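Student: One structure, as structure tokens, below. Some questions next.
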């Protein structure tokens, strides 16, 4: 993964201000995977995207992720740390697409099913029956006793088996935390949305950086590109000098 410079990150942030959460997640994924065509990213398996975003978070802001969560039982605030690098490694890390098709054989059925991507989930969510829509979008082939079939022909047991096979093949598609409350001892389950988490961090970083640019431009008359070309350490040193004046 190439380390993105400050100017490029600011451009990503600026573009994301006008986007909804789905668009922001795509912008972040483009930053994480500049080696992949932009049109390909939305169809990559969801778990692969999550691994890419965890790796990007690690590259930009380090390993440690601070998370706050309210206990579902007693309402107490829970604060804890997560390891972005460990998540990236456990989900497979960034890299080329692997085998994105699973095969299920059950009760005379032979089914091939493509692991859903973000584009599939987004489109299915708009349908009257999201589950049926997702099944239809990602079904590659379905044959029973030599006869081809469509998604609507699949019996419920086969559909369940497909869901189990997809979950096993792409476990990173659903990153769920299970945290025991230190106050009452009850466990709270919560989904970790790495795209939203990373965007919140990027937004805070961008606003802080623009303030630094304003202060340095005011003090030294430098342009934004000149200031952004400085290393973070040198920018911080000049800001300290400004404060001492």
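Each value in this text was obtained by applying a stated rule to the coordinates, not by laboratory testing. Please read these numbers as outputs of a predicted model, since none were measured by experiment. Because the Cβ atoms are built from the backbone with ideal geometry, glycine has one as well, and the counts that use them run over all protein chains shown.
Student: Based on alpha-carbon positions alone, could you give the equivalent ellipsoid semi-axes of segment 74-198 from the gyration tensor, as √(5λ), descending, whole Å?
Tutor: They are 34, 17, 14 Å, listed from largest to smallest.
Student: Using Cα pairs closer than 8 Å and at least 6 residues apart in sequence, work out the relative contact order for the chain, in percent.
Tutor: Taking the mean separation of contacting Cα pairs over the length of the chain, I get 19 percent.
Student: Remind me, relative contact order of segment 101-173 in percent, using alpha carbon pairs under 8 angstrom and six or more residues apart?
Tutor: 33
Student: Angle between the Cα long axis of helix 156-169 and the longest principal axis of the chain, 0 to 90 degrees, nearest 10?
Tutor: 40
Student: Next question, about the same structure. I'd like the distance between the alpha-carbon centres of segment 100-155 and segment 168-245, rounded to an integer number of Å.
Tutor: Using only Cα atoms, the two centres lie 40 Å from each other.
Student: At R0 = 25 Å, how high is the FRET efficiency between residue 40 and residue 168 if r is their beta carbon distance? Nearest 0.05 is fine.
Tutor: Calculated transfer efficiency: 0.55.
Student: Normalise the Debye intensity by I(0) for segment 1-125, one equal point scatterer per Cα, no solvent, then take log10 at q = 0.17, 0.21 Å⁻¹ and round to two decimals.
Tutor: Once normalised to I(0) and log-transformed, intensities are -1.00, -1.25.
Student: So for segment 101-173, what are the equivalent ellipsoid semi-axes in whole Å, largest first, each being the square root of 5 times an eigenvalue of the Cα gyration tensor?
Tutor: 20, 14, 10
Student: Nearest 10 degrees, 0 to 90: what angle lies between the long axis of helix 46-61 and the longest principal axis of the chain (Cα atoms)?
Tutor: 10
Student: Moving on. What share of all Cα pairs of the chain, in percent, falls into each consecutive 5 Å distance bin?
Tutor: 1, 5, 11, 13, 13, 13, 12, 10, 8, 5, 3, 2, 1, 1, 0, 0, 0
Student: Please give the helix 21-32 orientation as an angle from the longest Cα principal axis of the chain, in degrees from 0 to 90, rounded to the nearest 10.
Tutor: Once rounded, one gets 70 degrees.
Student: Picking from 219, 141, 100, which is most flexible by a Gaussian network model of the chain using Cα springs under 10 Å?
Tutor: With Cα springs under 10 Å in the chain, the top fluctuation among 219, 141, 100 is at 219.
Student: How many nm separate the modelled label positions at residue 243 and residue 19, each set 7 Å beyond the Cα in the direction of the Cβ?
Tutor: With each label point 7 Å from Cα toward Cβ, the separation is 3.4 nm.
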